[in-house]
Amino acid sequence: MGNAGYTCIRRTFCWLNIILWLCSCAFLGAGLWLRLSYEGYATLLPQHAGLSADTIFMCIGGTGFVVSFFGCCGAWVQSRCLLVLYFMLIVILFMSEFLVGSIAFLFRGGLGRTLANELRFGIERHYNASDRGSLVAPSVAAIWDSVQQSFECCGVSSYEDWYDIQSWSGKRWVPDSCCRQLYDQRQLLTEGSGDGLMRVDCGRSENPALWFDKGCAHSLQNWFTAQLNVVGAVGLGIAFVQLFGLITSMLLFCTVKHKRASDTYKSYSPSIDPQTRTSSWED
């Protein structure tokens, strides 16, 4: 292959990895934005918090950052070792993405049931009304308040999911975020003993008429499905880029090997002096 073809392949490979590096930085930024904007909705699934869209985006971005670095360095210094390492990493990533995508496709029918069970488990075992967490790492209670106020829902299937949980054993209470707009963040007056009135929280009034009657499972399932659709679409695009990277890296590896062999042959080939050649012809 001529120098023009080798230069074309090398520049194409470098630009491909520069684009991949920029996309990886964008993935890292998108992951941070999702984590800060949606307040870590994956906290609602304590056993599968690592499967959130923000975590997946940051993992993809970090991995792509490292892989594209190896690719650019391998093309720039013409190192066959770095090119082979780049090829192996791309193959591992490609196979991992294919495996995860296949598993997700096969078990997509049980997503709703699994999500509902995990949400109930989080309510029963990990909900703590006094723990509000922080802005960067909100608690389960803070996330549930945000979800129920945003979607105007209560519990997983209904408000009864909040009954007799570990945080208030034996009580038929719900969080105040379950209260309808009219009673949200207000104190209700109920008749008490004696001559006075006793003030109780809306969530502890044990009056279901004041609470949202629909559960949050359907709304949360739609939200999680939308995030997975985004991840799947982006993953498909990355797969095409990776496939192109595999082909280009192998072409560059072969051309580097051929170019080095050609340069070695030229360096060891005997050179003939033109004057000696002329004198030998005259003789």
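Taking the condition modelled with pLDDT of 70 or more, among the β-branched types (Val, Ile, Thr) and within 23 Å of the chain's Cα centre (by Cα), does Val147 pass?
yes
For residues in region 80-126 being among the β-branched types (Val, Ile, Thr) and within 30 Å of Gly155 (Cβ to Cβ), which is modelled with the lowest pLDDT?
It comes out as Ile103.
Considering region 171-187 alone, what residues qualify as being modelled with pLDDT under 85, in a loop (DSSP other than H, G, I, E, B) and not hydroxyl-bearing (Ser, Thr, Tyr)?
Once the filter is applied, which keeps residues that are modelled with pLDDT under 85, in a loop (DSSP other than H, G, I, E, B) and not hydroxyl-bearing (Ser, Thr, Tyr), region 171-187 yields Arg180, Gln181, Leu182, Asp184, Gln185, Arg186.
If Val140 meets every condition in (1) closer than 15 Å to Cys202 by Cβ; (2) aliphatic (A, V, I, L, M); (3) modelled with pLDDT under 85 apart from one, which number is that one?
(1)
Among the residues of region 1-37 satisfying the criterion of being surrounded by 13 or more Cβ atoms within 10 Å (Cβ to Cβ) and modelled with pLDDT under 75, which is nearest to Tyr86 (Cα to Cα)?
This residue is Tyr6.
Does any residue in region 209-231 that is under 18 Å from Arg113 (Cβ atoms) and among the hydrophobic types (A, V, I, L, M, F, W, C) come within less than 8 Å, Cβ to Cβ, of a residue that is modelled with pLDDT of 85 or more and not in a helix (DSSP H, G or I) six or more places away or on a different chain, and which pairs are these?
Going by the 8 Å Cβ cut-off, the qualifying pairs are Cys216/Cys153; Cys216/Cys154; Cys216/Gly155; Cys216/Val156; Ala217/Val156; Ala217/Ser157.
The values are calculated or read from the model by the stated rules, or taken from the named source; none is laboratory data. Quantities reported herein were computed from a predicted structural model and do not represent experimental measurements. Ideal geometry is used to build each Cβ from the backbone, glycine not excepted, and the neighbour counts take in all protein chains shown.
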